[in-house]
Amino acid sequence: MADIWLMRHGAYEGHRPGYHAPHEAALTPEGREQVRRSLPLPDGISAIVTSPVLRARQTAALVAHLTGLPIVATSGLLAEWRAPSIVLGRTTDTYPPAYRAWRAHRLINPSLRCEDGESLTDLHARARVCANFLHHTAQKHGPILAVSHTLLFGVLTHIREGPAAFTTAGRSPWQFAERHPYTPWRPAGCTR
């Protein structure tokens, strides 16, 4: 049995392809139903950790309510990739020129940020810290369910690719309320 399970939040208000949801986008009734259908959880899970973003917190709270499991941490390490505020609430056809330019250069210079957004290098570094956080939380509380977002999970599960894992994550998004076991990656020689 895995010590860590990753689960994407349920469907949220305004979702459509290429949409950068505002943090306050709440679960829809369909999203709540997706979460209900994702149960039961794998045997042995003893606690939940979650992203602070509303749709993830609502997903975690619903799972906690339906299973009786405690939410032991809400951590910004589990937050979705921090898109620049100029694209929140927008879709591909309405992205501003500054964001389009950033997208064209993000793999050439992964440390490049678009305004107040998170660079690919920053997201990758956060994912590495998040992997350690999940490992240590599972050591302390037993097997955990981590509720978060598709891009962060994509980077976590392809962390060996470095900052380019962002692109892989975007090509293979997780379905709403999808769940997978996770083993944190550690570089060779790392015993922590």
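The values are calculated or read from the model by the stated rules, or taken from the named source; none is laboratory data. Just so it is clear, the model here is predicted, and its values are computed rather than measured. Please note: Cβ atoms are built from the backbone with ideal geometry, for glycine as well, and neighbour counts cover all protein chains shown. Keep in mind that these areas ignore ligands, DNA and RNA; they rest on the heavy atoms of the full protein, side chains included. Shrake-Rupley method; radii C 1.70, N 1.55, O 1.52, S 1.80 Å.
Summary of values
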item: Single residue of segment 99-134 satisfying the filter (among the acidic types (Asp, Glu) and under 17 Å from GLY76 (Cβ atoms)) that is surrounded by the fewest Cβ atoms within 10 Å (Cβ to Cβ); result: ASP116
item: Per-region count, segment 37-60, residues open to solvent by 10 Å² or more (accessible area, probe 1.4 Å), in a helix (DSSP H, G or I) and either aliphatic (A, V, I, L, M) or closer than 15 Å to ALA79 by Cα (or both); result: 4
item: Qualifying residue in segment 169-184 (condition: under 20 Å from GLY18 (Cα atoms) and either touching an Asp or Glu at 6+ places or on another chain (Cβ under 7 Å) or aliphatic (A, V, I, L, M) (or both)); result: yes
item: Answer residue from segment 40-97, given it is more than 18 Å from the chain's Cα centre (by Cα) and charged (D, E, K, R) and is farthest from HIS136 (Cα to Cα) among those; result: ASP93
item: Residues within segment 6-36 that are assigned to a strand (DSSP E or B) and modelled with pLDDT of 90 or more, tallied; result: 5
item: Count of residues meeting criterion [surrounded by fewer than 24 Cβ atoms within 10 Å (Cβ to Cβ) and assigned to a helix (DSSP H, G or I)] in segment 135-152; result: 9
